[in-house]
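So the structure is just underneath, and the comments pick up after that.
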C-alpha cells in the first residue's frame, strides 16, 4: 500500500480537505436520517432547499418550485424504496458565489411512512 506524507505531524496543524468530482467543487455533503417521513430542509448560505416527500402511487419523479428568492422546494414523489431513488446526475438548482450550484442525492426508506435516509452532495460548477 502506498502512502503520502504531510511533511509534519497531522496533529500539529489541521489540514483543509477539498473535494472535487468531474471538475466540480464539493461544498457540502453528508447523510441525514429524518426523524419521520416529513420534509427535510437544508440551509446553504442564504439559500434554503426543502425536500418534500410525497406518495401518490405512481413512479418516482421530482418536481421543483422556487419562490424566486432563496427557497427551492423539491417535491420527491414515491421516494420510499429500500434500494434507493435519487438523481442520475447532479441537478442545477441555483447559483452560489457566482457559480452554478448543483445537488446530487439518494433517498432510502423502508416504507411510505418510515424515516428516510438521505445521502446528499452540494457542488459548485462553472462560473455564471
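Figures for the structure shown
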read-out: Normalised contact order of the chain, rounded percent, pairs of Cα under 8 Å and 6 or more residues apart; value: 26 percent
read-out: Segment residue 65-residue 95, length gained on full extension (0.36 nm per residue, minus Cα span); value: 9.3 nm
read-out: Ranked packing of 50-62, 74-86, most packed first, by mean Cβ within 10 Å; value: 74-86, 50-62
read-out: Distance in nm between pseudo-label sites at residue 38 and residue 110 (7 Å out along the Cβ direction from Cα); value: 2.1 nm
read-out: Whole-angstrom gap from region 86-128 to region 35-63, using each part's C-alpha centre; value: 10 Å
read-out: Share antiparallel - DSSP beta bridges, the chain, percent rounded to 5; value: 85 percent
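We did not get these values from a lab; they are worked out from the coordinates using the rules stated. If you're wondering where the values come from, they're calculated on a predicted model, not measured in any experiment. So basically every Cβ, Gly included, is an ideal-geometry build from the backbone, and we count neighbours across all protein chains shown.
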